[in-house]
Structure formats: structure tokens, C-alpha cells
């Protein structure tokens, strides 16, 4: 076709494994492909076919996307890839009249990666008619599998479905008016694999997550990967505590501030602050600091940074701005710049109020403290603000990702983005810990 293509895999190491074992063997064993491959450009990361090129690249090094132009991008294993770098690769299509993007992946969790793209697509299913009763259907595990007989059956008449029946189907879109073309390919429609084979896969699987993702091609969120509501509900208390000299955590949104106030004896305030006629949300936050004589306040520094800095100037030695950033030495979870080693070099004021926090480790630490009952919440279980706090916690789940050097690590991500009070609770923890260190000295 004479078009340039970029084919991405999660890491450069994946490319080094994929191209020799898959691509090169396809070229070698197919003379019709081999005759068009140029011997001048035939490397692991680049192939010339006719007058066009295929570039094989990883997604965990941003410079990978520089200086390439493409007509079609194929993003392989999307859910394990770096989404930011995939966006960079998309910019390589801007000069093309074709500008086609293909996303391929085993799904992982709901509303993320390939599953999110699938939900916005025309959702093509492999559909066929039952030869016994004529019922039109597509394969679904709960409806088409007889676990006792270990066979596929019709959803309606429950008679056995043979491989030739499944093969006789065709792709049918649930939403044909949508522009994005999406295909769901479970192993149930791979007719060389029997129902008995897949039932054995389910029995042998270490967890349901593997079976749903890799066999059924369905996004699945393991309950063990989520933060349980009980971490908050078991720590509710009716006991009142001192509210003065408190710590405050603040997450910054486009229209509102999410705020948590408390002391080591308990959290007494969970509120949302918006602009009001004659008074901004930042002015209202300032009133809270003054009324409750807050000792320390930690604010999200990554959103509306200029406003946060302007606010911090009014409350020296009280207000700090937090950024999520790992400690290169993997020693500290939270690093207050003003608690670093003393040097003769004077730090810039904006540097002095910075807090750098390891995102995943602080979340693990907070979950551990909630389990131990370190934080009490002076609220009733029926309070709407507690329900909202719990809902924000439960959007979070842990998953395994591959970093830029090919190592797997666990990270916390949000399934919906509505996680403001979860981050607010983190900032409160950081502020309270600083307050307790300050008072102990």
C-alpha cells in the first residue's frame, strides 16, 4: 500500500522479543512478503517494505516518538503501554491523509485503556443463529456454557452448539452509527478451543482476573484490588475532639476545593468550597485556617499552581504545596524541602514550601493506617459527605504496569477520575504528620 506505519509495544525490550520471534519468521516463511522486504533496511526496530517503512517502538521512552512520520499507527498491548507517549505518537500522523490508528490489547480494568475505547466504539460482536431454534446471539460465558456437560449451548433452547455453527456467524455492530470500529474477540469464538478447554482454564487460573481478561477478553476489577469502604466506616465515631491547632489537606479542582480538617484525635471537617458572591474559594479556605488556627496545611500543587502559590504567600510557615514525585534513592515517602539538609545556599521561597511525595507508597501507607484505625472520623454513617468520601476511595484500584526499564511494578490509579477526597485525605495525612513531628520537637 506504500504507507508508513508505527507499531508500538509497551517497552523496547518487548520489541526486541517480538520482532525476531514473530515478524522475522513471518517474513522468512512467506515468499510473497519476503520479496518486498529491502535488505538495506531490515533491523529489529525498522523494516523497509517496497517504498514504505514499518517502525517498531516502545512507549516508555518519550524520545521514541521524535522524528518519525506515519500514515497508520498500531498500538499493541495498550493497557500496558504509556498513554502519554501513545499520544505523542499520534502527533506523527498529522501530515497523513490516512491518519489511521489501531488499538489492540487484552483488557484489564473497566473504563480504562482498551475497554474505554471499546465502550466508545460501534462494539462489533460475532453473531450467529442457533440451527435448532433460530435464536440470534453472541457467545457469553454465563449464558452459553454448560459447566456440567462441558459444552457450548444455545442461550434460548439450551441445545449444543457445534463449531461450524459458531463459524457461520458474522461481525455485527451494536452501535453502527458510531465512527470508531471496535471488535470483541473472546476465546469462545476461537472454535479450535472447546468449552472443555476453557473450563479447564478457569479451574487452573490463579485468579478470576486472568480468566476474564485473557480468556474472555473482558475488563475485570478484582475486589481485592480496590480500597474497601470498611476502612472509613469502621473508623466513624461520635466522640468529639479538639478542633483548634489542626492540620488541613486540600485537593484543588477547576471549580472547587476539597478540604479535610482534623487533629491526631480525629477528622472533624470534610467539605467542598466554591466561589461565592464577593468571596473566592481561596478566601474561604483562609477563613478556615484562621478560625481553627491550623498549624499546617498541605495543598495540591499540580493544579492551579499560581493560585496556590499566591495563597501560600499569605500564610508563611503554614501552607505547603505537594507534588507527586518518587525519591530517586527510594528512601523517603514524603520530602519537605524545608526539612532537608542545611546548606549555605539559600533556597528560593517557592522551593521552600514544596513537598515531594511518592504517590504509590503514600497510598499504601495511608491504607495501612486506616486499617489500624489511626484516623477517626467524627461523622455518622448516613452522612452524605461520608458516602462521597467512600465513593472517591472506591474509584481507586491497583494494577501492575511495566516501567521504562521493563520492570513490573504496582501502581494505584482511578477508574473514573472522581477521587478528589482520596487525595485530600493524603494531603491531610502529610500535614498531620508534619504537625506531630513539629510538636514532638
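Rule-based calculations on the coordinates, nothing more; no lab input. Model, not experiment: these values are computed from the prediction. Counting neighbours? That spans all protein chains shown, and the Cβs are built from the backbone with ideal geometry, glycine included.
Among the numbered conditions (1) within 20 Å of residue 432 (Cα to Cα); (2) in contact with a strand residue (DSSP E or B) (Cβ under 6 Å, 6 or more places away or on another chain), the only one that residue 338 does not meet is (2). Considering the range 83-96, and only residues there that are in contact (Cβ under 8 Å) with a residue 24 or more places away in the chain and surrounded by fewer than 15 Cβ atoms within 10 Å (Cβ to Cβ), the residue that is farthest from residue 67 (Cα to Cα) turns out to be 83.
All told, residue 221 meets the bar of being out of contact with any helix residue (DSSP H, G or I) (no Cβ under 7 Å at 6 or more places or on another chain) and touching a residue at least 60 places away in the same chain (Cβ under 8 Å).
Looking across the range 182-208, the residues that are closer than 19 Å to residue 115 by Cβ and out of contact with any strand residue (DSSP E or B) (no Cβ under 7 Å at 6 or more places or on another chain) come down to 185, 186, 187, 188, 207, 208. The set of residues from the range 72-82 being crowded, with 20+ Cβ neighbours inside 10 Å and over 18 Å from the mean Cα position of the chain (by Cα) comprises just one member, 73. Select, from 238, 230, the only residue that is within 30 Å of residue 288 (Cα to Cα), without any contact (Cβ under 8 Å) to a residue 12 or more places away in the chain and out of contact with any strand residue (DSSP E or B) (no Cβ under 7 Å at 6 or more places or on another chain). When all the criteria are applied, what remains is 230. Counting only strands (runs of 3 or more DSSP E) that sit wholly inside the range 109-212, those with at least 3 residues that are within 35 Å of the chain's Cα centre (by Cα) and over 26 Å from residue 225 (Cβ atoms) are 124-129, 170-173. Based on what the data block shows, is residue 83 out of contact with any strand residue (DSSP E or B) (no Cβ under 6 Å at 6 or more places or on another chain) and over 30 Å from residue 216 (Cβ atoms)? No. Counting residues in the range 47-60 that are in contact (Cβ under 8 Å) with a residue 60 or more places away in the chain and surrounded by fewer than 20 Cβ atoms within 10 Å (Cβ to Cβ) gives zero. Of everything in the range 158-188 that is in contact (Cβ under 8 Å) with a residue 60 or more places away in the chain and surrounded by fewer than 16 Cβ atoms within 10 Å (Cβ to Cβ), the residue that is farthest from residue 200 (Cα to Cα) is 180. In the range 282-304, which residue that is surrounded by fewer than 19 Cβ atoms within 10 Å (Cβ to Cβ) and in contact with a strand residue (DSSP E or B) (Cβ under 7 Å, 6 or more places away or on another chain) is nearest to residue 262 (Cα to Cα)? Taking the candidates together, the pick is 284. Select from the range 314-328 the residues that are free of Cβ contacts under 8 Å to residues at least 12 places away in the same chain and over 25 Å from the mean Cα position of the chain (by Cα) and write down the one among them that is farthest from residue 431 (Cα to Cα). The extreme case among them is 316.
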